[in-house]
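Report on the structure given below.
The values are calculated or read from the model by the stated rules, or taken from the named source; none is laboratory data. Note that the structure is a prediction, hence the values are computed from the model and not measured. Cβ placement follows ideal geometry from the backbone for every residue including glycine, while neighbour counts extend to all protein chains displayed. Quick note on the areas: whole protein, heavy atoms, side chains included, nothing else; ligands and nucleic acids left out. Shrake-Rupley method; radii C 1.70, N 1.55, O 1.52, S 1.80 Å.
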Amino acid sequence: MSDLMKDMLNLTKDLQLDFSNTQIAFADRSDKELNKTAWLFGLLNHQWLVGIGSKLGLAAIKLHLPFVQGAIKNTIFEQFCGGTTLLEAQKTIDRLQRSNIKTILDYGAEAKEDESELNHTMNENLRSIEFASKQSFVPIISTKVSGLGRFELLESVQAGVAFTDETKSEYKSILRRLDAICHAASTKGMSVFIDAEESWIQDTIDHLAEMMMKRYNTERAVVYTTCQMYRHDRLQYLYELYERAQKEGYVLGVKLVRGAYMEKERDRAEEMGYSSPIHASKEATDESYNNALRFCIDHHDKIASCNASHNADSAMLQAKQMVDRNIPRNHPHLMFCQLYGMSDTLTYNLAAAGFNAAKYVVYGSVREVVPYLIRRAQENTSVTGDMSREYRLVADEIKRRGLKM
């Protein structure tokens, strides 16, 4: 446990919030489920195995090998995804709701190329909004712009490449798809998270997200942009974004994350000879993230934010600030969220303490979500070490129950 966490625990006894409480975190997991999770996290804890498995998994999916899809679905997919369809995801939604945890639905499509695929992604997002609007515990869906437009087009727009008649038409189609999703969310009383992606397409995404917020956030936060705080320019961007929102008269919606493309970002910067957009150290990222968090809490009357981090210090920081300032724990502008299948000690304990906690639940066919699954395994194994932490926490609960691993 970090010094910051120890200090906060000493100062927040009234919170009754203990992120080491595995009994609450895994209360809805059977002994069999716990042992299977421990086995999976044990495998994912081996970096070399994840590296080989990622390459083989992608190749096998491209070759349409059915036994591989079955193996993935019964292991890593089952752990990190809510289901292959919305109807399958219903079981996950119901399970989370029993613990007072909300669901943020994410159709796991990204990096699509063909117009029919891009329209399919839009239509699936619209279906998820219709589905979620009938459920009190699914207030938000999440979408990726790379699932609504070609990656290369998003990149060329950011690079300032002049439009041709064809690319101009394509770009208008991206606008149309994203606007259809945001309009549906606004009409149905829902909200939309627009995910952050690679830095070389992020300026394009930022522009689109700001356009949608200006259009739909006049009365409430329908649209949320995402700030990856491992980028050294994002704290200043958040400040400037807030000023623009105030000037233009809309509610700012912001999801804060540390970031999911660290190795990819640094490798590309080195290969192409430009300065990496990523902070030089984890400490610098943590400081940037927590400063952004404090800023959003300071302005929670005008900023709707989601603390989408797996970092216990950051979660405790927000919880303490809310209690110290007498902000209602279930305030709609101050949400916590973690990925489904990870950091249950954060989500479940926050929800049990009365905070507005949610799980980010990805759904879709195995083929569609494999890139997401591989990114989860690679990032959390090689960079943050989250798999070691997850394995230890599950092992602690197995020991507490007196079971054998």
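Quick grid of which residues meet (1) open to solvent by less than 60 Å² (accessible area, probe 1.4 Å); (2) touching a Cys at 6+ places or on another chain (Cβ under 6 Å); (3) at pLDDT below 75; (4) over 24 Å from A315 (Cα atoms):
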| site | (1), (2), (3), (4) |
| --- | --- |
| N21 | yes, no, no, no |
| F26 | yes, no, no, no |
| W39 | no, no, no, yes |
| L43 | no, no, no, yes |
| H46 | no, no, yes, yes |
| I52 | no, no, yes, yes |
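Would you check if Y171 is under 14 Å from A304 (Cβ atoms), surrounded by 14 or more Cβ atoms within 10 Å (Cβ to Cβ), over 20 Å from the mean Cα position of the chain (by Cα) and of a type in the set (S, T, Y)? Answer is no for this residue. Only one of these conditions is not met by I76: (1) open to solvent by less than 70 Å² (accessible area, probe 1.4 Å); (2) at pLDDT 95 or above. Which number is it? Against the list (1) open to solvent by less than 70 Å² (accessible area, probe 1.4 Å); (2) at pLDDT 95 or above, I76 comes up short only on (2).
Scanning the range 321-355 for residues that are touching a residue at least 60 places away in the same chain (Cβ under 8 Å), in a helix (DSSP H, G or I) and not charged (D, E, K, R) turns up V323, T345, L346, T347, Y348, N349, L350, A351, A352. Restricted to the range 100-114, and to residues there that are modelled with pLDDT of 95 or more and open to solvent by 40 Å² or more (accessible area, probe 1.4 Å), the residue that is nearest to the chain's Cα centre (by Cα) is K102. Selection over the range 80-99 of residues that are closer than 15 Å to R29 by Cα and open to solvent by 30 Å² or more (accessible area, probe 1.4 Å) gives a count of 6. Only one entry in E124, E115 is in contact with a Phe, Trp or Tyr (Cβ under 8 Å, 6 or more places away or on another chain) and of a type in the set (D, E), namely E124.
Of all residues in the range 356-381, those satisfying the criterion of being among the polar types (S, T, N, Q) and either outside any helix (DSSP H, G or I) or modelled with pLDDT of 95 or more (or both) are N356, S365. The residue of the range 115-159 that is nearest to N356 (Cα to Cα), among those that are open to solvent by less than 30 Å² (accessible area, probe 1.4 Å) and in a loop (DSSP other than H, G, I, E, B), is V138. Go through the range 321-351 and give me each residue that's open to solvent by 10 Å² or more (accessible area, probe 1.4 Å) and of a type in the set (A, V, I, L, M, F, W, C). Within the range 321-351, V323, I327, M335, L339 meet the criteria.
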